[in-house]
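The structure appears right after this line, and notes come after that.
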Amino acid sequence: MASRVVQPFPTPQARQDEAVQKAADTLGLTRRMRRNRKADWSRRLVRETVLTTADLIWPMFLVDSQTARSPVAWMPGVDRLNIEEAVRQAAHAAELGIPAIAPFPFVEKSLRDATGSEALNARNLMCRAVRAIKAEVPQIGIICDAALDPYTSHGHDGVMAGERILNDASVRILTQQALALADAGADVIAPSDMMDGRVGAIRAALDASGHEDVQIMAYAAKYASAFYGPFRDAIGTNATLIGDKRTYQMDPGNSDEAIAEVALDLEEGADMVMIKPGMPYLDIVARVKDHFRVPTFAYQVSGEYAMIVAAAQNGWLDGDKAMVESLMAFKRAGADGVLSYFAPKLASRLKAGL
Ligand code: PBG
């Protein structure tokens, strides 16, 4: 008698294996996105965005002091520099190929008053530093903030009447400040105060005083942000700031308003525009660049720097990789350059070919 072949009923596992095999066989991929990622040479070859030293602006802090460097507690790795050291660091930056620096002053408390009058002193810390750097390192660009906060006893960027920050009265003082900086040799004036009409007023005053080649980089879309905290430690305004800056800096919920701000600053004569802070506002960077097609910069602010460095110090992330990735993101979003406290570190790495 012929033996009967028993066809076993397939187990659920066997049925599943067969289904998976069938699915894999029918993938039929013609476009495999992973091919271009298979090796370092290939990843480099197809990379769309490249970060270079020419993309960097180095913000640095100045202080009137005998000591060359004094650390900023809330920004590990960042020091306040006296003028001689600032000149040395400017030379170092130029050697690395960094196109421009952006100095900010820590002003002695005794020199601060309600109207920020020290800002107009042609012999103030900023003006002396700019002259010294221009004399020794003429090839580097110097970008100087027009804003009164380092100089006011209340820490606001303009002058006050009671609780109010006065717009037009502030613009008059900011314009004089811009002229003092231009006279000292500033290459670029960067109004960071967010008063209405200041770009136009500063442009007109520069032109009327023989500074028609001085550029304006407008802090066009500057948001009222918690990410400026460590900067206020660096220039010593965190203790003095009364209230907050929400009546002049932008509301973080707004995006169309950034377009309006940039449009106005361009009409008023801005040569370059800036978005600030950086990483939380990459959508604004992308939108502004897409819309206007003008030189667009982003400021990776003190809080962004501090977050990366603090996490790295705790061993929670790889600080160097996070630095490169964060700066790359600005370029990918469309920024032509980035103000970053990492500038010298990144430039050194790029120079070493890392
Ligand atoms: C002041 C100014 C600020 C920054 C640049 N210019 C602080 C502020 O508006 O309170 C912030 C930079 C940073 O956080 O790194 N007008």
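Of note:
- Segment Ala73-Ala239, extension gain: residue separation times 0.36 nm, minus the distance between their alpha carbons: 58.4 nm
- The magnitude of the dipole of the range 207-354, with charges of +1 and -1 set on the Cβ of Lys/Arg and Asp/Glu and taken from the Cα centre, is near 720 debye.
- Alpha-carbon Debye profile of the chain, log10 I(q)/I(0) at 0.11, 0.12, 0.14 Å⁻¹: -0.73, -0.86, -1.16
- Selected from Gly116, Ile140, Gln313, residue furthest toward positive end of dipole (the range 52-351; charges at beta carbon): Gln313
- Modelled spin labels at Thr52 and His92, positioned 7 Å past Cα toward Cβ, are 2.4 nm from each other.
- Between the range 1-76 and the range 281-354, the Cα center-to-center distance that results, in Å: 21
- Each peptide in 222-232, 135-145 gets a packing score, the mean of other Cβ atoms within 10 Å over its residues, and the list from highest to lowest is 222-232, 135-145.
- Rounded to the nearest 20 debye, the dipole size of the chain about its Cα centre is 1960 debye, using +1 on the Cβ of Lys and Arg and -1 on the Cβ of Asp and Glu.
- Taking Cα centre as origin and charging only the Cβ of basic (Lys, Arg, +1) and acidic (Asp, Glu, -1) residues, the dipole magnitude of the range 294-337 rounds to 80 debye.
- For the chain, hydrophobic long helices are taken as DSSP H runs at least 18 Å long by C-alpha position along their axis with mean Kyte-Doolittle hydropathy of -1.0 or more; these are 83-96, 167-184, 319-333.
- For the peptides 183-194, 29-40, 235-246, 13-24, residues were scored by their other Cβ atoms within 10 Å and the scores averaged per peptide; the highest-first order is 183-194, 235-246, 13-24, 29-40.
- From its DSSP helices (H runs of at least four residues, each -39,500 (n - 2.57)), the chain gives a residue-normalised ellipticity at 222 nm of -12500 deg cm²/dmol.
- DSSP bridge orientation in the chain - percent antiparallel, rounded to nearest 5: 15
- Derived scalar couplings between HN and Hα for the range 67-75 equal 6, 4, 9, 9, x, 8, 4, 8, 9 Hz in order, rounded to whole Hz, by the Karplus curve 6.51 cos²θ - 1.76 cosθ + 1.60 (θ = phi - 60°), x for Gly and Pro.
- Within straight-line cross-link reach of Lys331, aspartates and glutamates at Cα separation under 20 Å, skipping those fewer than 8 residues along the same chain: Glu48, Asp55, Asp271, Asp283, Asp290, Glu304, Asp320
- Across Phe297, Phe106, the residue with the most accessible area heads the list, and the full order at a 1.4 Å probe is Phe106, Phe297.
- Placing unit charges on the Cβ atoms of the charged side chains and taking the dipole of the chain about its Cα centre, the candidate lying farthest along the positive direction among Ala322, Leu29, Thr152 is Leu29.
- Qualifying trypsin sites (Lys or Arg not before Pro) in the range 113-203, where qualification requires a DSSP coil assignment and no more than 11 other C-beta atoms within 10 Å, comprise Arg123.
- Selection from Met279, Ala180, Pro71, by position along the positive dipole direction of the chain (Cβ): Met279
The values are calculated or read from the model by the stated rules, or taken from the named source; none is laboratory data. A quick note: this is a predicted structure, and the numbers were derived from the prediction, not measured. We place every Cβ from the backbone using ideal geometry, glycine too, and count neighbours over all the protein chains shown. Accessible surface is based on the protein model in full, side chains and every heavy atom, while ligands, DNA and RNA are left aside. Shrake-Rupley method; radii C 1.70, N 1.55, O 1.52, S 1.80 Å.
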